[in-house]
1. Say whether the condition of being of a type in the set (A, V, I, L, M) and within 16 Å of residue 61 (Cβ to Cβ) is met by at least one residue in the range 107-121.
2. Check 253, 243 and return the single one that is farther than 16 Å from residue 299 by Cβ and either modelled with pLDDT of 80 or more or in contact with a helix residue (DSSP H, G or I) (Cβ under 9 Å, 6 or more places away or on another chain) (or both).
3. Condition first: of a type in the set (D, E, K, R) and over 59 Å from the mean Cα position of the chain (by Cα). Can you find one or more residues in the range 44-54 that meet it?
4. Which pairs turn up if I take residues in the range 340-367 that are under 19 Å from residue 286 (Cα atoms) and look for partners that are of a type in the set (Lys, Arg) and in a loop (DSSP other than H, G, I, E, B) with beta carbon separation below 9 Å, at least 6 apart in sequence or on another chain?
5. Scanning for something modelled with pLDDT of 85 or more and in a helix (DSSP H, G or I), does the range 96-103 turn up at least one residue?
6. Only one of 308, 355 is assigned by TED's automatic domain parsing to the domain that holds residue 275, more than 27 Å from the chain's Cα centre (by Cα) and over 23 Å from residue 260 (Cα atoms); which?
7. Six or more apart or on different chains, Cβ atoms under 9 Å: show the pairs whose first residue is in the range 238-257 and in contact (Cβ under 8 Å) with a residue 60 or more places away in the chain and in a helix (DSSP H, G or I) and whose second is surrounded by fewer than 21 Cβ atoms within 10 Å (Cβ to Cβ) and of a type in the set (D, E, K, R).
8. Can you confirm whether residue 59 is in the same structural domain as residue 23 (by TED's automatic domain parsing) and exposed (fewer than 14 other Cβ atoms within 10 Å of the Cβ)?
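The values are calculated or read from the model by the stated rules, or taken from the named source; none is laboratory data. Owing to the predicted nature of the structure, the values given are computational and were not obtained by experimental measurement. Here Cβ is always computed from backbone atoms with ideal geometry, including for glycine, and neighbour counts include all displayed protein chains.
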Amino acid sequence: MLLESAGEGIYGIDQRGRCIFINRAGAELIGFDADEVLGRNMHYLIHHAHSDGRCYEVEDCPIFRAFQEGRGVRVESEVLWRRDGSAFPAEYTSYPIRDAGQIVGAVVTFADISERKQAEAVLRANQAELERRVSERTAALSQANAKLQQSHGALQRLSAHLQQVREDERAHIAREIHDELGASLTALQFDLNWLRAKVACDDTLERKFDDMVGVTQQALGAVRRILTDLRPGVLDHLGLWAAIEWQLQEMQARSGVRCTLNVHDTGPERRLGRSAEVAVYRIVQEVLTNIARHAGATEVQVDVTGAASHIELRIRDNGRGMQVPAQPTSFGLLGMYERTRVLGGELQIDSAPGAGTMVTLRVPDSTR
């Protein structure tokens, strides 16, 4: 009754491999009636060939070997054969039957695993398709990333070129203003002073000439400020540190903020190269402009430290501070980071509301 209620095929064999019992499920799986199987050699009946049709020698049969060696075996990579000559993938186990310690036969349990094999085949096909798509997608992403990197590199080179062009154009405009407008205003001032001396007897004309000289002086002052913004002469003639010191003096004079510059382990003779000094100058200029506009600070301190391979600038203020954005969004900050990147340096901004701000700029010294 227990054998007949089992869903798997179960049969027993004697020492010669002949069937001594088989349940109904087992007989149905191989296409026989149970009484047709009894007494027949099960290897030659259902296990006589491999899935490709090659003869399966009984000596190579796991059931036979397990039977001879007195051990159990489990196999799920072979086929069994039906009465009509068709094969089905099977999973089977075989365990010896002992009587008084002697092996007298074996009991074999088997099942048709066609559905499982089909599901596994579908799974393998799906996995292969997934791997193919992932491979294609990865290749496409790699190509897109390569193009993106190429475009990014081109944009960075363009940005560096535009910065250089902008600085060159500023220098050119500054020279033109100095040579043309500055010279003309200076000559005009001399002429007005000469004419004033000629009309000293007329109080009305004298006052008018005084007004005109004053306007001319204001125009010359405006020209000097424009020239300084375009291209400070102190940067070209005295170097970066003198230019930064001049920036701080100008900021203190305009805003009343106490500004100090401390230069450590480096000297005014140490130069970074023209383009690098211009970039550092513009970064410091942007930082000081932001402090004057937004920080509400009363003190600014700039520390310059030199090392063998780089120079570090730290700009501190005691202003209201800010929440540093994860990604810069203002054009001023973006410009500072881009100039630093072109230099191959590092820019770090540390700040918090109510705690002031410190900007650290590390620039490699390419001249060493």
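1. Yes.
2. Result: 243 is the single residue among 253, 243 that is farther than 16 Å from residue 299 by Cβ and either modelled with pLDDT of 80 or more or in contact with a helix residue (DSSP H, G or I) (Cβ under 9 Å, 6 or more places away or on another chain) (or both).
3. Among the residues of the range 44-54, not one is of a type in the set (D, E, K, R) and over 59 Å from the mean Cα position of the chain (by Cα), which makes the answer no.
4. 356/320; 357/320
5. Checked against the condition, which is being modelled with pLDDT of 85 or more and in a helix (DSSP H, G or I), the range 96-103 yields no hits at all.
6. 308
7. Here the result reads 241/270, each pair linking the range 238-257 to a residue that is surrounded by fewer than 21 Cβ atoms within 10 Å (Cβ to Cβ) and of a type in the set (D, E, K, R).
8. yes
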